[in-house]
Structures are given as C-alpha cells and as structure tokens.
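First the structure, in the form of structure tokens, and then the observations on it.
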Amino acid sequence: MARSGGFGVYVVIHGRTCRQSERVSVQEADDLKRLSVRVCPIDAHQAAAALADSGLGRFDGRETVALSVEQLRQASRATVAGADWQARFDAMLAYAAGRRWVTGDGASVRAHVTWSDEDGCGSG
Ligand SMILES: [Zn+2]
C-alpha cells in the first residue's frame, strides 16, 4: 500500500489557502514504519492553532509535535482496513517508547516536524 519511498504515516497540517476540507489529517496510516508531521507553507502560529483545534496534539518546540496516542489511533483507524493494524500500531508505540518518544504517562508520542516551503499542497 505504501508509495515508493515510504515516508510512513504522517499528520499533515494545512493552511487556510490549502484546498483541503480538513485542516489536520492523518495520511498513509497503514504504513507504520515511521511517524512524522508535515506542515504546509503556513506560519507557526497558524499551524499550532490548527493542530490544537484538531485535538491531535500540540507543538513541543518548532521541530517536534506531541501527538495524542488515542486521537492518532482514532484518526488513523478510520482510514485503514487490515485486521492486524491495531497490533502494528501498538508495535510502533512500543518501538517509540524504547526510543523515549512516548511521554511518561503514555498519552503522547513525539514526532518530528517537517516545514514545507513549497507553494500550495496540490489539489489532494
Ligand atoms: Zn496544505
């Protein structure tokens, strides 16, 4: 299912000028090898507001987002089909915990942020 290159699952944060109905969404949720956050060419304040509104997480500095494990699970599950997905999601969390990317209470997982400098994000 993953596209060539395999970026892994990512959360995308769109700006007001993006032609997307959802400002924040989970993409490629079936590919749990990597987890990251991508931000369209918008300023940090707008990105932080969009992410906070979505309930999916919050910025922890400019380079990192703390994603809610449960919100991420729910947003992803709506887009995946495989019966083994839940187990693979848990395995990803276990891996992240081993790398200390999961917060002490287990509620959030940290993901690296990529700030796009391209104009627009396509028609989606
Ligand atoms: Zn966008």
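The values are calculated or read from the model by the stated rules, or taken from the named source; none is laboratory data. Computed from a predicted model, the values in this text were never measured in an experiment. Virtual Cβ from ideal backbone geometry, glycine too; neighbours counted across all protein chains shown.
State all residues of the range 31-53 that are under 20 Å from Tyr95 (Cβ atoms) and not β-branched (Val, Ile, Thr); if no residue qualifies, say none. If the condition is that a residue be under 20 Å from Tyr95 (Cβ atoms) and not β-branched (Val, Ile, Thr), then Asp31, Leu32, Lys33, Arg34, Leu35, Ser36 are the ones that fit. When the strands (runs of 3 or more DSSP E) confined to the range 1-85 are screened for residues that are basic (Lys, Arg), those reaching at least 1 such residues are found at 35-39, 57-59.
Yes or no, residue by residue, for (1) free of Cβ contacts under 8 Å to residues at least 60 places away in the same chain; (2) farther than 24 Å from Asp90 by Cβ; (3) surrounded by fewer than 20 Cβ atoms within 10 Å (Cβ to Cβ):
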{"residue": "Gln20", "(1), (2), (3)": "no, yes, yes"}
{"residue": "Arg23", "(1), (2), (3)": "yes, yes, no"}
{"residue": "Val26", "(1), (2), (3)": "yes, no, no"}
{"residue": "Ala29", "(1), (2), (3)": "yes, no, no"}
{"residue": "Gly55", "(1), (2), (3)": "yes, no, yes"}
{"residue": "Gly61", "(1), (2), (3)": "yes, yes, yes"}
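Among the polar types (S, T, N, Q), at pLDDT below 95 and surrounded by 13 or more Cβ atoms within 10 Å (Cβ to Cβ), is that true of Thr79? In short, yes. Among residues of the range 95-116 being more than 16 Å from the ligand (Cβ to nearest atom) and assigned to a strand (DSSP E or B), the one that is surrounded by the fewest Cβ atoms within 10 Å (Cβ to Cβ) is His112. Among residues of the range 7-63 being within 12 Å of Ala111 (Cα to Cα), among the charged types (D, E, K, R) and more than 10 Å from the ligand (Cβ to nearest atom), the one that is modelled with the lowest pLDDT is Arg34.
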